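First the structure, in the form of structure tokens, and then the observations on it.
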Amino acid sequence: EQEILDKRVEIHNGYGLTLIRALREDLLIGSDKYAIPDWPHSSEEKRQEWLDYRQALRDMTSTQSPQVDANGNLTNVTWPTPPS
């Protein structure tokens, strides 16, 4: 019985990372166009902002400690802000 309870806790704790990866993937897909070399950015600084934003998204699984609350909502996550 304890083994089952331990496995349930392990799965529940890992669910936060699963959610963060899925949401992050959507944000990366939505910003893919800004990463292509010939995208017409207004400046080199703006291009770098987009590249930094995308890197911050990719780093989230190592920089965040996502949790899932009793309602299944992702908590304890600070998302990077996309360039304006």
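The values are calculated or read from the model by the stated rules, or taken from the named source; none is laboratory data. Everything quoted here is computed from the prediction, not taken from an experiment. Cβ sites come from the backbone with ideal geometry, for glycine too, and all protein chains shown count toward neighbours. Protein only, heavy atoms only, side chains kept; ligands, DNA and RNA dropped before computing areas. Shrake-Rupley method; radii C 1.70, N 1.55, O 1.52, S 1.80 Å.
A few remarks follow.
- Shown for the chain: the carbon plus sulfur share of the solvent-accessible area, taken with all protein chains present and a 1.4 angstrom probe, equals 51%.
- Value of [θ]222 nm, deg cm²/dmol, for the chain, DSSP H segments ≥ 4, -39500 (n - 2.57) each, nearest 500: -20500 deg cm²/dmol
- Crossing angle, helix 44-63 versus the chain [Cα axis fit, 0-90 degrees, rounded to tens]: 10
- Sites ASN73 and ILE4 - FRET efficiency at Förster radius 22 Å, r taken between beta-carbons, to 0.05: 0.30
- All-pairs alpha carbon distance profile, the chain, 10 Å steps from 0, percent: 16, 38, 24, 13, 6, 2, 0
- Hz values of 3J(HN,Hα) by residue in the range 69-84 - Karplus curve (6.51, -1.76, 1.60), Gly and Pro given as x: 7, 4, 8, x, 8, 6, 10, 6, 10, 10, 7, x, 8, x, x, 9
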